[in-house]
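Have a look at the structure below, then the notes.
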Amino acid sequence: MPKQKTHKGAAKRFDVTGSGKIRFRKSWQNHRRRKSDQNLRLLGRMQVVPSSELSHLRQALSYCK
């Protein structure tokens with residue numbers, strides 16, 4: 001059976017924490033002219049992937065835990 005390859009597009013967009021959570025950066029950060037400072041601070045934070053998407057992303061990242 002061949003090995004599972006890592007999806008390189010997903011590997012560039014998602015980070016795996018030490019506890020096994022998968023984090024991603026939010027969109028809508030470009031063209032910031034009309035966004036408030038509070039909105040930009042919230043967009044700059046990393047967000048945890050919901051549990052409904054975890055199995056699909058772990059397979060794409062070739063991550064088993």
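Just so you know, all these numbers are worked out from the coordinates, no wet-lab data involved. Values in this document were obtained by computation on a predicted structure and should not be read as measured data. Note that we place each Cβ from the backbone using ideal geometry, even for glycine, and neighbour counts take in every protein chain shown.
For the chain, the tally of Lys pairs with Cα-Cα distances below 23 Å comes to 12, considering only residues 8 or more apart or on different chains.
Candidate values (1) 1.09; (2) 1.66; (3) 1.06 were compared with Rg/Rh (Cα atoms, Kirkwood Rh) computed on the shown model; the agreeing label is (1). Projecting label points 7 angstrom from Cα along Cα→Cβ for residue 26 and residue 52 puts them 1.9 nm apart. Averaging the sequence gap over all C-alpha pairs within less than 8 Å and six or more residues apart, then dividing by the number of residues, gives the chain a relative contact order of 40 percent. Rounded to the nearest 0.05, the FRET efficiency derived from the C-beta distance between residue 11 and residue 45 at R0 = 30 Å is 0.90. Using a simple spin-label model with pseudo-atoms 7 Å out from Cα toward Cβ, residue 62 and residue 1 lie 1.5 nm apart.
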